[in-house]
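Colleague: What follows is a single structure, and I will ask about it in a moment.
Values in this text are rule-based calculations from the coordinates and carry no lab data. Nothing here was measured: the structure is a model prediction, and the numbers come from that model. Backbone-built Cβ (ideal geometry, glycine too); neighbour counts: all protein chains shown.
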Amino acid sequence: MDLLASLLLTSLMLLCPAAHAAGIHAGIPVQQPGLGPLSHLSPEQGWTAPVLDANGQPVGVVRVYVGPTEAAAAAWLGDARLAVQAPLQPLSGLGDSALAASTVLLSRDGNVALSVTLGEGDPTVQARALLASIVDAPAAWPQAPRMRQQDGLWFFEAPGASLEVQGGHRPLGEPWGYSVLPEQVVAWDAWGRASVLRP
Amino acid sequence: MTPPLSLLSLLFLGCTHGKVQGHDTSADSGSPGDDSGNPTDGGGGPTDGGGDTGPPPPDPTLALTGPAVIDPLRTGALDFSLAGTDVPAGATVTLTLVPPSGGGGGDSGSGDSGSGDSGSGDSGSAPSPSPDSGTSGDSGSPGDPVPVVLASGLSADAAFTWDGHDPDGRPVMDGAWSLQAALVDDTGTSLAQAEQVVHVVRTGVVMGRFGGSGAEDDQRIALLWYRASGASGYWDDGATEPAFRLGHVSEGVGALEAPIEIPAVWADLASPPTTPTGVNLPAAFAWDDHPTLSLSFAALGDAAKAATWTAELDGWDLVEGDPTSGHLVFRKTAALAPDGPRVVEGDLSLHLLADGLLIGTQTIPTRLYATMGAPTFASSSSPNLLWTAAADGALRGIEGVAPEDSAVLDALVTWVYDEAGLRYDTRSGASFYASYSGGWGGGRLNMRGFLDRANGTIVNCSDCAGIMGAFANMLGVPLDYAIILSNFSLNEIKAIGVDSFTSCPFGPSGCGFSYHAVTTDDLSSHIWDATLNLDGDEDPGAEPWDELRVQQITGDEYLERLVRSGTAGYYYDDSRIQVQ
């Protein structure tokens, strides 16, 4: 019976990957309408992207964090509230917990936490759109990058993921090979999850 | 062989420079044709018609003098001169250009070219000209230059110029070329000969690198570009990357061959070049450093031995090497920026001389960022380095500032508050670029986003403190941030980008801060704040306002002027921003 239920649940997840309840989610697809180019910050901070108006001009910023646990996301939300000088008020109906000021909204749903900060206007619309795009599949966390050495340079690979390397040194004109080992190599998947290699 | 008209024109134009006057040209020609040993003051010759009773007429002599080295791409026309003595009436000089030995019958007969080491050595070691660039006259056989008559009918004391080109206007190939002059009478009989060997060489710097001497006052600072392609958006020069690498000293073929100049300094402050050659990177040093510049030269081949070579770089001292070694190190004579941090940019002129004669001048465009010192972030690894875009913007923004930490911080406050185009978030006081990780002590600034203004121009105090900290620490001025806690109401403030004073920056119901971030370099004893200006008069909570910029205000005074009511104190005041 448990197996059957599990299969049924898995099938439902595959058919309808969007998730709106607490728990461990796969994340939020990083390509979102209304957002500009994303920047990966750090595994502890998640990714960020500008909010664009109809003319493509920046009017704010979103930050999204997909943590390994709900507690990690809750801690991220606690940090996020530190950077708002105006008082934040609790808000219901947006994830497991939410806080808001007039142009700022912070929310957590399971292991996913996010903030929407606008210069003007209601951040709720963007926050709801992000929360609605939370998915539970694929469940598997991305693999950490792999490292190989060739011709005196270090190369890193993470199939299906975006790499972000910190530290180290690449010779000028060499896009991928490092002559000095980096401190950290992060593989980001398309749902905002990060795996780290520390060479 | 008839010399082309174009060459004759060139040569006769050269003759307009005038003759060598009062110069015994036979004495120093060094050519095999000057060994007659005859007196040179024959005094008129056999004109008395005395048959066999008078002394025999002295043999005529001919000398040819001129420089030993020429760069056909950089030197321009050099002066040569003929000097004949006891020249019979009607005798004239024919001038022939003979290629290096092995280059088509070049039997120059001179010491250099005859030694066998110039033909192969020069032409083989120097950057290779096009095969036909050395082909002269009518040989019609690329790569196989032959002697060519440059001019005939010249007077025995003519002066002329040669610029290292063949009659068709093509720069001749590298090697020991021989200019041979023959004095002939009206029957075509050779009376005397002279020769000048001219080493043709293409000179030029092919690589330059700032820093690296290891001296205390030559500590290059790594520069980082934040929009690179590949494995990371960051790329830094490691403080070791050459400024430029050219690969060759010339490009083009034949008459179109031209020297490769050092390119303008890389203009993109965000993205680095994607190729190491053909670019010219800026570099960074402390303002009081004396940077070194190491230059690698193209090999001079046998031309190295043909003259005494020197090099000069305006405002820099030669401290190591010489042009013949292919490696030179210059050290800036004065401090990089004696008046304080700024962008030092302009063209350096490198002069290359052979036997004191200017062979070539090469321009080296430079842009050097003169900061207060190495970055002072908690971490010294990428990306906590000096960002090129930040250095360029900030150093231009605070130009003229004295080389003192407090003065730099004061100037940064003014620059950020007045010039950065930022406006305080009067809705929520929320950050758009800064964030905290693991509590208020883990401040981060999305510097990439900020430099691009990717999220717009609205900011809060965490942003401004982060921006101040990022720029200051990049420029080598240690600066921490402090968090003022908590939930206090405000006196009159004038927030960044806001035109008026208010004690309620978020509207009538928003008259306080839950926290406020400022910067300090001494655990909150003194405060710098680019977020807001205070009311500096006796009553900071009411009109009139005496706008006070927050530049090195004591921590106590700052709180007195900022806080109307509530408990407020400094926390986390040894925290240093991290950039990302």
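Colleague: Which of the peptides B:480-486, B:332-338, A:166-172, B:89-95 is most tightly packed, and how do the rest follow, going by the mean number of other Cβ atoms within 10 Å of each residue?
Modeller: Working: B:480-486: 22.6, B:332-338: 16.3, A:166-172: 21.0, B:89-95: 17.9.
Those peptides, ordered most packed to least, come out B:480-486, A:166-172, B:89-95, B:332-338.
Colleague: Moving on. With only alpha-carbon atoms in the gyration tensor, what are the semi-axes of the equivalent ellipsoid for region A:40-83, in Å, largest first?
Modeller: Values: eigenvalues 119, 24, 12 Å².
After diagonalising the Cα gyration tensor, the semi-axes are 24, 11, 8 Å.
Colleague: May I ask you to sort B:I577, B:I496, B:I260 by Cβ crowding, counting other Cβ atoms within 10 Å and putting the fewest first?
Modeller: Working: B:I577 29, B:I496 24, B:I260 20.
The most exposed by this proxy come first: B:I260, B:I496, B:I577.
Colleague: Calculate the FRET efficiency for B:N487 and A:Q57 from the Cβ-Cβ distance with a Förster distance of 41 Å, rounded to the nearest 0.05.
Modeller: On the way: r = 34 Å, r/R0 = 0.83.
The computed FRET efficiency comes out at 0.75.
Colleague: Let me ask another. Rg/Rh for region B:257-333 to two decimals, with Rh computed the Kirkwood way over all alpha-carbon pairs. Kindly include the intermediate steps, with their values, before the conclusion.
Modeller: Working: Rg = 15.4 Å, Rh = 14.9 Å.
Dividing the radius of gyration by the Kirkwood radius yields 1.03.
Colleague: With the Cα gyration tensor of region A:93-199 giving a ≥ b ≥ c as the square roots of its eigenvalues, does the rule (a/c under 1.5 for rounded; else a/b larger than b/c for prolate; else oblate) give rounded, prolate or oblate? Working shown, then result.
Modeller: On the way: a/c = 3.65, a/b = 2.26, b/c = 1.61.
The shape class here is prolate.
Colleague: Mind giving me the FRET efficiency for B:C511 and A:D122? R0 is 25 Å, r the Cβ-Cβ distance, nearest 0.05 is fine.
Modeller: Details: r = 23 Å, r/R0 = 0.92.
In this case the efficiency is close to 0.60.
Colleague: Kindly give the semi-axes, whole Å and largest first, of the ellipsoid equivalent to region A:146-197, taking each as the square root of 5 times a Cα gyration tensor eigenvalue. Walk me through the intermediate numbers first.
Modeller: Details: eigenvalues 82, 22, 18 Å².
Over the Cα atoms of region A:146-197, the semi-axes work out to 20, 10, 9 Å.
Colleague: Now, a different point. Give me the extension gain from B:D268 to B:S380: residue separation times 0.36 nm, minus the current Cα-Cα distance, reported in nm with one decimal.
Modeller: Numbers: separation 112, 0.36 × 112 = 40.32 nm, distance 2.37 nm.
So the extension gain works out to 37.9 nm.
Colleague: Based on Cβ point charges of +1 for Lys and Arg and -1 for Asp and Glu, what charge dipole magnitude is obtained for region A:60-123 about its Cα centre, in debye rounded to the nearest 20? Before the final figure, lay out the partial values.
Modeller: Values: 3 positive and 6 negative charges, 23 e Å.
So the magnitude is around 120 debye.
Colleague: Using Cβ contacts closer than 10 Å as the measure, can you line up B:S190, B:S101 from fewest to most? The partial results should precede the final answer.
Modeller: On the way: B:S190 13, B:S101 24.
So the ranking, lowest neighbour count to highest, is B:S190, B:S101.
Colleague: So if I take the centroid of the Cα atoms in region B:243-294 and the same for region B:215-232, what is the distance between those two points in Å?
Modeller: 16 Å
Colleague: Evaluate peptide B:225-237: per residue, the Cβ atoms of other protein chains within 10 Å of its Cβ; return the mean as an integer.
Modeller: Values: counts 0, 0, 0, 3, 2, 9, 17, 14, 4, 6, 7, 4, 2.
Going residue by residue through B:225-237 and averaging, the value is 5.
Colleague: Working out 0.36 nm times the residue gap between B:L358 and B:D556, then minus their Cα-Cα distance, what length gain in nm do you get to one decimal? Let's see the in-between values first.
Modeller: Working: separation 198, 0.36 × 198 = 71.28 nm, distance 6.56 nm.
Difference between extended and current length: 64.7 nm.
Colleague: Local charge sum around B:L224 (other residues, Cβ-Cβ under 9 Å, Lys/Arg +1, Asp/Glu -1)? Intermediate values should be presented prior to the final figure.
Modeller: Values: positive: none; negative: B:D236, B:D237.
Once positives and negatives cancel, what remains is -2.
Colleague: Per residue of B:455-464, how many C-beta atoms from partner chains lie within 10 Å of its own C-beta, taken as a mean?
Modeller: Values: counts 14, 12, 2, 9, 1, 5, 2, 4, 1, 0.
Counting Cβ atoms of other protein chains within 10 Å of each residue's Cβ and averaging gives 5.
Colleague: Modelled label-to-label distance, B:D185 and A:A74, 7 Å Cα→beta-carbon offset: nm?
Modeller: 11.8 nm
Colleague: Would you mind ranking B:M447, B:M207 by Cβ crowding within 10 Å, fewest neighbours first? The partial results should precede the final answer.
Modeller: Values: B:M447 26, B:M207 18.
Ordered from fewest to most neighbouring Cβ atoms within 10 Å, B:M447, B:M207 come out as B:M207, B:M447.
Colleague: Grab the other residues whose beta carbon is less than 14 angstrom from that of B:G346, score K and R as +1, D and E as -1, and report the net. Walk me through the intermediate numbers first.
Modeller: Working: positive: B:K332, B:R342, B:R367; negative: B:D314, B:E345, B:D347.
Surrounding charge for B:G346 is 0.
Colleague: What is the average number of partner chain Cβ atoms found within 10 Å of a Cβ in A:49-56?
Modeller: Values: counts 3, 7, 2, 3, 1, 0, 0, 0.
That works out to 2 on average.
Colleague: Calculate the spin-label point distance for B:A215 paired with A:L153, positioning each point 7 Å from the Cα along the beta-carbon direction, and give it in nanometres.
Modeller: Using points 7 Å along Cα→Cβ, the separation is 3.4 nm.
Colleague: Next question, about the same structure. List the residues whose amide H sits under 5 Å from the amide H of B:E320, counting only those 5 or more places along or on another chain, with H placed 1.01 Å from N in the peptide plane.
Modeller: It is B:V329, by chain and number.
Colleague: So what is Rg over Rh here for chain A, counting just Cα atoms and using Kirkwood for Rh?
Modeller: Details: Rg = 18.7 Å, Rh = 18.2 Å.
Taking Rg over the Kirkwood Rh, I get 1.03.
Colleague: Using alpha-carbon positions, what is the distance between the centroids of region B:512-578 and region A:85-148, in Å?
Modeller: 33 Å
Colleague: Just grab the label-to-label distance for B:D322 and B:R423, each label 7 Å out from Cα along the Cβ direction, in nm (one decimal).
Modeller: Going by the 7 Å Cα→Cβ label model, 6.7 nm.
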